[in-house]
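Trainee: The structure follows.
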Amino acid sequence: MDKYIELAELIFPDVKETIADLEKRYPARNLKEGAMVTRFAPSPTGFLHTGSLFTAFICQKFATQSNGVFYIRLEDTDQKREIKGAGEALLKELKAFNVYPTEGYLSDTLEEGIYGPYVQSKRADIYKVVIKELIKRGQAYPCFCSSEELASLREVQEATKVRTGYYKEYAKCRYLKPEEAMEKIKNGDSFVIRFKSNGDEKNKIAVFDEIRGHLELSENDQDIVIYKSDGLPTYHFAHLVDDHFMHTTHVIRGEEWLPSLPIHLQLFNTLGFEAPKYAHLPVIMKVENGNRRKLSKRKDDEAAVSFFLKQGYPTDGFLEYLLTIANSNYEEWRSENLDKSLYDFILTFSKMSLDGALFDLDKVKNICKELLSRLTKEEITDRALAWANVYDKELEEVILSDRNYFEAIMNIERGGEKPRKDYTKYDEILPAISFMYDKYYNEATRESFNERISNESAKEVLTKYLEVMDLTKDEVNWFNDLKSVGVICGYAENNKEYKKNKDAYKGHVGDVAEILRVAIAKRRQTPNLYHLLKILGKEKVKARILETISVL
């Protein structure tokens with residue numbers, strides 16, 4: 001028996017399948033020409049990063065717009081760093097943003113699709129088949145170097161100022177004969193398995209990136225570890241095997257993986273597998289002290305998507321922001337297609353930026369504010385209620401206590417060409433409208449009037465207003481009544497007239513409106529006053545005005 005085959009059999013005696021068997025088990029997908037198969041493959045080691053959501057969303061968008069497949073694969077081979085429940089938590093947050101797979105990992109107990117398992121730790125037998133084949137061919141070998149030996153090697157390389165790593169003459173176990181390796185295994189020596197690279201770092205290879213175009217990168221010459229002593233493969237090897245047998249057409253990932261591309265292409269070539277197309281997305285950046293840096297889990301609240309979910313940013317608004325990062329023509333498209341869904345936009349690799357995009361929270365807020373302003377009263381109520389059900393029981397209780405009343409408040413100056421833009425996110429709604437509910441109104445502290453308005457003048461205005469109050473009138477005639485009250489009480493009909501002769505007036509009609517606003521809301525800033533009065537109703541408005549007069 002060939003010594004390499006004998007070595008492979010010694011390491012994997014129970015592996016009887018071949019790569020050909022796996023090809024039959026995972027046949028090519030039956031998809032139309034041009035359909036993309038993309039994947040999001042998170043590690044269950046922490047929260048969902050904003051950059052990861054960006055990647056997953058882009059993968060989903062390309063798959064769905066091409067009538068392809070978007071699947072999720074859980075890459076849990078680094079089990080020392082795994083956090084229990086993190087996989088399902090990641091999926092739950094993705095689902096909140098409507099980023100949901102066509103197939104794949106759906107929970108720790110549920111998968112969908114014929115190309116599974118979709119959790120790498122459950123695919124160990126598949127990796128062993130491929131690694132066994134590489135060992136048989138003499139393209140992979142067991143390495144018995146201890147962590148101390150590897151650390152010592154690194155020190156020597158650094159001292160002699162050569163590249164660090166396990167390659168060429170520094171790859172000690174590469175030169176072990178199969179018989180020597182078998183002897184060590186039989187003696188119980190611990191080992192990993194390394195890929196035997198025939199590359200030369202001085203050579204350049206031509207690669208094509210869907211976003212960056214034609215590139216030249218240094219060929220890989222490192223004998224990377226592909227199989228660990230715990231019986232699981234490394235990321236470099238596992239993702240490659242999975243992408244082949246799951247028939248991924250496009251690997252879309254962050255640009256931090258670009259230096260690894262020569263390794264991955266070399267492995268595909270060695271195995272005789274057709275490589276998918278690669279697209280490396282720009283990393284989301286942030287400016288700190290004048291310098292750009294990657295959005296950080298440790299430093300930035302907005303690095304976690306939970307930050308946006310908990311505060312109630314509309315998820316489709318946040319996705320719209322991500323599309324402005326993804327494609328340079330999205331904002332122009334949106335301005336011309338206000339009535340369309342973001343999913344109607346056709347994403348392209350050609351319009352993607354090559355540079356890291358700066359994360360702009362103010363822009364996120366502006367987009368979300370625009371989106372919420374365009375919703376109907378029913379839509380914003382439905383959305384606020386769904387968010388409150390998870391994150392704000394107090395708001396949920398307010399909405400459910402009288403949905404029609406809440407909708408009426410939400411409908412203030414909604415619709416038309418220039419709708420009000422009162423809210424950026426759902427957690428702003430209750431603080432903004434709480435005064436419309438007696439419980440919160442009674443608990444609130446009344447804001448002071450404008451400094452030029454005395455309590456006596458405010459009492460006079462409120463008393464006179466009660467005499468003429470008629471909420472059955474339209475807004476124009478209602479405002480004319482308010483101006484009349486102001487004139488009687490010594491206020492100018494408008495600000496222009498007041499500015500001409502300030503000594504002749506106590507203020508202007510805007511001050512009169514503010515007096516009424518503070519009386520019925522206990523605050524100087526509110527949505528449209530006329531509509532608030534209409535919604536509160538005559539009796540409640542009268543009661544609040546009388547209470548204010550008594551306090552004054």
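Trainee: List the pairs whose first member sits in the stretch 356-372 and is of a type outside the set (S, T, N, Q), whose second member is open to solvent by 50 Å² or more (accessible area, probe 1.4 Å), and whose Cβ atoms are under 6 Å apart, counting only residues at least 6 apart or on separate chains?
Mentor: Listed by first residue and then by second, the contacts come to Phe359/Lys286; Lys369/Lys421.
Trainee: Across the stretch 348-368, what is the number of residues that are surrounded by fewer than 18 Cβ atoms within 10 Å (Cβ to Cβ) and either of a type in the set (Ser, Thr, Tyr) or out of contact with any Pro (no Cβ under 8 Å at 6 or more places or on another chain) (or both)?
Mentor: Matching residues across the stretch 348-368 total 11.
Trainee: In the stretch 10-52, how many are polar (S, T, N, Q) and open to solvent by less than 20 Å² (accessible area, probe 1.4 Å)?
Mentor: Looking only at that region, the number is 2.
Trainee: Please find, within the stretch 116-168, the residue that is nearest to the chain's Cα centre (by Cα) out of those that are small (Gly, Ala, Ser) and under 20 Å from Gln266 (Cα atoms).
Mentor: Here the answer is Gly165.
Trainee: Is it true that Leu295 is out of contact with any Lys or Arg (no Cβ under 6 Å at 6 or more places or on another chain) and buried (at least 19 other Cβ atoms within 10 Å of the Cβ)?
Mentor: Judged against the criteria, Leu295 is not a match.
Trainee: Anything in the stretch 198-221 that is open to solvent by 50 Å² or more (accessible area, probe 1.4 Å) and aliphatic (A, V, I, L, M)? List them, or say none.
Mentor: Listed by number, the list holds a single entry, Ala206.
Trainee: Failed condition for Asp108, given (1) under 23 Å from Phe237 (Cβ atoms); (2) in contact (Cβ under 8 Å) with a residue 12 or more places away in the chain, with all others met?
Mentor: (1)
Trainee: Does the stretch 508-520 contain at least one residue that is over 30 Å from Glu407 (Cα atoms) and not hydroxyl-bearing (Ser, Thr, Tyr)?
Mentor: Yes, the stretch 508-520 has at least one match.
Trainee: In the stretch 240-291, how many are free of Cβ contacts under 8 Å to residues at least 60 places away in the same chain, farther than 24 Å from Tyr127 by Cβ and among the small types (Gly, Ala, Ser)?
Mentor: 1
Trainee: Quick one: count up the residues across the stretch 485-502 that are in contact with an Asp or Glu (Cβ under 9 Å, 6 or more places away or on another chain) and open to solvent by 20 Å² or more (accessible area, probe 1.4 Å).
Mentor: 4
Trainee: Report whether or not Arg446 is open to solvent by 70 Å² or more (accessible area, probe 1.4 Å) and either in contact (Cβ under 8 Å) with a residue 40 or more places away in the chain or of a type in the set (Lys, Arg) (or both).
Mentor: For Arg446, the condition - open to solvent by 70 Å² or more (accessible area, probe 1.4 Å) and either in contact (Cβ under 8 Å) with a residue 40 or more places away in the chain or of a type in the set (Lys, Arg) (or both) - is not met.
Trainee: Ok, one more. Quick check, is Arg414 among the basic types (Lys, Arg), in contact with a helix residue (DSSP H, G or I) (Cβ under 7 Å, 6 or more places away or on another chain), within 19 Å of Lys540 (Cα to Cα) and outside any helix (DSSP H, G or I)?
Mentor: no
Trainee: Of the residues in the stretch 54-83, how many are without any contact (Cβ under 8 Å) to a residue 40 or more places away in the chain and open to solvent by 10 Å² or more (accessible area, probe 1.4 Å)?
Mentor: Qualifying residue count, the stretch 54-83: 6.
Trainee: Quick one: which residue in Arg524, Arg452 is open to solvent by 60 Å² or more (accessible area, probe 1.4 Å), assigned to a loop (DSSP other than H, G, I, E, B) and touching a strand residue (DSSP E or B) at 6+ places or on another chain (Cβ under 7 Å)?
Mentor: Arg452 is the lone residue from the list that is open to solvent by 60 Å² or more (accessible area, probe 1.4 Å), assigned to a loop (DSSP other than H, G, I, E, B) and touching a strand residue (DSSP E or B) at 6+ places or on another chain (Cβ under 7 Å).
Trainee: Report, by residue number, each residue of the stretch 442-471 that is polar (S, T, N, Q) and in contact with a Phe, Trp or Tyr (Cβ under 8 Å, 6 or more places away or on another chain).
Mentor: Within the stretch 442-471, Asn455 is the sole residue that qualifies.
Trainee: Inside the stretch 137-174, can you point out the residues that are more than 14 Å from Val225 (Cβ to Cβ), open to solvent by less than 30 Å² (accessible area, probe 1.4 Å) and out of contact with any helix residue (DSSP H, G or I) (no Cβ under 6 Å at 6 or more places or on another chain)?
Mentor: If the condition is that a residue be more than 14 Å from Val225 (Cβ to Cβ), open to solvent by less than 30 Å² (accessible area, probe 1.4 Å) and out of contact with any helix residue (DSSP H, G or I) (no Cβ under 6 Å at 6 or more places or on another chain), then Gln157 is the only one that fits.
Let's see how each residue does on (1) more than 15 Å from Thr77 (Cα to Cα); (2) within 31 Å of the chain's Cα centre (by Cα):
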| residue | (1), (2) |
| --- | --- |
| Lys204 | yes, no |
| Asp242 | no, yes |
| Phe245 | yes, yes |
| His250 | yes, yes |
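Trainee: Would you confirm, using the coordinates I've provided, whether Ile433 is open to solvent by less than 60 Å² (accessible area, probe 1.4 Å) and modelled with pLDDT of 95 or more?
Mentor: For Ile433, the condition - open to solvent by less than 60 Å² (accessible area, probe 1.4 Å) and modelled with pLDDT of 95 or more - is met.
Residue-by-condition table, conditions (1) of a type in the set (Phe, Trp, Tyr); (2) over 27 Å from Leu91 (Cα atoms); (3) outside any helix (DSSP H, G or I):
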residue: Arg298; (1), (2), (3): no, no, yes
residue: Asp316; (1), (2), (3): no, no, no
residue: Ser350; (1), (2), (3): no, yes, yes
residue: Trp387; (1), (2), (3): yes, no, no
residue: Phe406; (1), (2), (3): yes, yes, no
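Trainee: Kindly list the number of the only condition in (1) surrounded by 13 or more Cβ atoms within 10 Å (Cβ to Cβ); (2) in a helix (DSSP H, G or I) that fails for Glu332.
Mentor: (1)
The values are calculated or read from the model by the stated rules, or taken from the named source; none is laboratory data. Since the model is a prediction, treat every value here as computed from it, not as a measurement. Note that we place each Cβ from the backbone using ideal geometry, even for glycine, and neighbour counts take in every protein chain shown. These accessible areas exclude ligands, DNA and RNA; they are computed on the full protein's heavy atoms, side chains included. Shrake-Rupley method; radii C 1.70, N 1.55, O 1.52, S 1.80 Å.
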